[in-house]
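The structure appears below as structure tokens.
Just so it is clear, none of the values below were taken in a lab; they were calculated from the coordinates. All values reported here derive from a predicted model rather than from experimental measurement.
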Amino acid sequence: MSSSLPIQNEKDPSDRLSVNRAKVESIDLYEVADHELNILEKESEGGLYLSFSLFLIFAAISFFITLTTTAIGNERQSTVFCVIAFSFTIGSIILALWTSPTLVDTSGL
């Protein structure tokens, strides 16, 4: 069965939205408990921290590559690159270690 619905502020009759309907034989519904939603929420936080950790480690790698392949004449600039590279490395390790208990926590199951 097919029908068409008008789109708001329709100027042209060809701007109609086509909706196709079909008979549905069955629908599967699954119940989700509150503790399962809490587990999913914790895992999503862990995924966010993991994303930041990956960003920091790749940024640190790029700074280390820059330090090893480029001759930086200014001592201050070289120090800034080293500080940023080491900070990003330490930050990514801390975030990765911080999220590992969150990702493995199965106390709600």
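What does the convex hull of the Cα atoms of segment 30-90 come to per residue, in Å³, rounded to a whole number? Don't skip to the end; give the middle numbers.
Details: hull volume 4.1 nm³, N = 61.
So the per-residue hull volume is 67 Å³.
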Gain upon complete extension [Val24, Ser78; 0.36 nm per residue less C-alpha separation] = 12.8 nm
note = Phi angles of segment 59-68, converted by Karplus (6.51 cos²θ - 1.76 cosθ + 1.60, θ = phi - 60°) into ³J(HN,Hα) in whole Hz with x for Gly and Pro, give 5, 5, 4, 5, 5, 5, 5, 4, 5, 7
